[in-house]
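Heads up, the thing below is written out as structure tokens.
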Amino acid sequence: MAGAIIENMSTKKLCIVGGILLVFQIVAFLVGGLIAPAPTTAVPYTAIKCVDVRKNHHKTRWLVPWGPNKCDKIRDIEEAIPREIEANDIVFSVHIPLPSMEMSPWFQFMLFILQLDIAFKLNNQIRENAEISMDVSLGYRDDMFSEWTEMAHERVPRKLKCTFTSPKTPEHEGRYYNCDVLPFMEIGSVAHKYYLLNIRLPVNEKKKINVGIGEIKDIRLVGIHQNGGFTKVWFAMKTFLTPSIFIIMVWYWRRITMMSRPPVLLEKVIFALGISMTFINIPVEWFSIGFDWTWMLLFGDIRQGIFYAMLLSFWIIFCGEHMMDQHERNHIAGYWKQVGPIAVGSFCLFIFDMCERGVQLTNPFYSIWTTDVGTELAMAFIIVAGICLCLYFLFLCFMVFQVFRNISGKQSSLPAMSKVRRLHYEGLIFRFKFLMLITLACAAMTVIFFIVSQVSEGHWKWGGVTVQVSSAFFTGIYGMWNLYVFALMFLYAPSHKNYGEDQSNGDLGVHSGEELQLTTTITHVDGPTEIYKLTRKEAQE
């Protein structure tokens, strides 16, 4: 009768495997910390105020802030008054990237946030619940001399949230409001070298469009994109890890199919976890270098969601299948109370992502947070997902407590055994406790490292060595969960070691090939495992 490899592996071999995995884990952190640059770069842009004096502003004309065909510019709004330039004639133009630079597909995405510089005027104050309406055109080209091609043209409304800390008196005119930054644009690919934004603020007093928004002095943007160097390191990691997880997954399932029994629930869930890890590893991002796939961000979110849902489900089933006295085992239906919150929470987050990044596939300026209805809807989805997550962790903590309590309770039977058998059982119980603690450590490390990467300055300097903390977080945590799945499939694969029926019913001998198994879900044609018989008999008594 054969058990899992973790049950038949000696402590020495288990330590060797753990040491090898630890080395790979350290390498994963070092790759991000020492080789990769920071994950993202933030570039500030200040819009140039161009003048469009054409009578028909509806016909597309691209106003470029600099270059051979640069627009007619004004330095500030005050300059427009003596020149009799109306507000509808002013176009805020932003060229992406800055001069003498170009964008690259290795940047993967572009995210822009908007900051308005609004001056206080007694006769033009920001009214309550003011909304700014922008007419935005986005164009692109791949060289400095070709014509601009329109990529998107939308009316972009944004609600202003501004405060003025000084007294609203004449002597404080000209001071700026403190305004919250606004989400502006997100594009899921960077397929072109140059981009151009033309932002108009059309004024229509009859329709109350852009009335009561204060005196806008400047429009500033901050563009965030992924660093090309980090992208290359990230792609290299995914390319290396994909065959590694795939090979161990095929090996794992082959060993299961060689058994004389059908796969049990825990084995199926581990295999499904391996499939989800392989799915998230497949480096389809390589195609984004040559193709304009704007849906890659949404696709990446879906892949991560599937993996995390599978990981959370595995933890519940792993604990449940190791409750030695539990009667409802080896059936997914027995876990509907615990898995249900995972399904509901994942569905809510999926709908939220589709409402945000799904719409951005056709309108890059869309944000669900810009309207009251959208904000309430988004918060509803997030709150429901948060409640489901809390319920899940309550169930998980309760089941982990039960597992440790049951295992500790069975240790009372150990003194009646022979020394060799007692030592063997104690070793197996220790290994299972150790594996559960490793799971907890992986989850804790993810949270701790995320917090450290957020509060730190982005990098640490030790002598002449610079460590990129944020990059180390991404590569290290990504490598950690790959190693975790790899270890699960390796340690829980069926072992081919056997021992005689006489030894399974009597005291354990001292021969090296004689082992017992603790995984209570793995049953065979000749009945449950030895420790399962032991604990089940105690429970019945």
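Using 0.36 nm per residue and subtracting the Cα-Cα separation, the extra length available between Ile224 and Ile247 on full extension is 4.6 nm. Length gained on full extension, Phe393 to Met445, computed as 0.36 nm times the residue gap minus the Cα-Cα distance: 17.0 nm. Measuring r between the beta carbons of Val359 and Lys232 and using R0 = 22 Å, the FRET efficiency lands at 0.10.
Projected onto planes of every orientation and averaged, the convex hull of the alpha-carbon atoms in region 1-160 covers 19.4 nm². Measuring only protein heavy atoms, the 1.4 Å probe finds Ile387 accessible over about 100 Å².
The magnitude of the dipole of region 62-104, with charges of +1 and -1 set on the Cβ of Lys/Arg and Asp/Glu and taken from the Cα centre, is near 220 debye. Each label point was placed 7 Å from the Cα along the Cα-to-Cβ direction; for Asn123 and Phe299 their separation is 5.7 nm. For Tyr194, the shell of other residues with beta-carbons less than 15 Å away shows a net charge of -3, using +1 for Lys and Arg and -1 for Asp and Glu.
Roughly how many debye, to the nearest 20, is the charge dipole of region 41-226 about its Cα centre, given +1 on each Lys and Arg Cβ, -1 on each Asp and Glu Cβ, and no other charges?
340 debye
Hey, with R₀ at 41 Å, roughly what FRET efficiency would Met379 and Arg261 work out to, going by the Cβ-Cβ distance, to 0.05?
Rounded to the nearest 0.05, the efficiency is 0.25.
The local environment of Thr257, defined by Cβ-Cβ distances under 15 Å, has a net charge of +3 under the rule Lys, Arg +1 and Asp, Glu -1.
Kindly identify region 211-296 as rounded, prolate or oblate by the Cα gyration tensor criterion: order the square roots of the eigenvalues as a ≥ b ≥ c, call it rounded if a/c is under 1.5, otherwise compare a/b with b/c, prolate if a/b is larger, else oblate. Cα axes put region 211-296 in the prolate bin.
Segment Val284..Ile20, full-extension length gain: 92.2 nm, with 0.36 nm per residue of separation and the alpha-carbon distance subtracted.
A Förster distance of 51 Å, applied to the separation of the beta-carbon atoms of Lys168 and Asp72, puts the FRET efficiency at 0.90. Expressed as a whole number of Å, what is the distance separating the alpha-carbon centroids of region 221-268 and region 8-80? For region 8-80 versus region 221-268, the Cα centre distance is 27 Å. Cα centroid separation, region 87-138 to region 161-188: 14 Å. Loop-located trypsin sites (Lys or Arg not before Pro) across region 201-307 with a Cβ neighbour count of 12 or fewer within 10 Å are Lys206, Lys207, Lys208, with loop assigned by DSSP.
The values are calculated or read from the model by the stated rules, or taken from the named source; none is laboratory data. Model, not experiment: these values are computed from the prediction. So basically every Cβ, Gly included, is an ideal-geometry build from the backbone, and we count neighbours across all protein chains shown. Remember, those area values only see protein heavy atoms, side chains included, never the ligands or the DNA or RNA. Shrake-Rupley method; radii C 1.70, N 1.55, O 1.52, S 1.80 Å.
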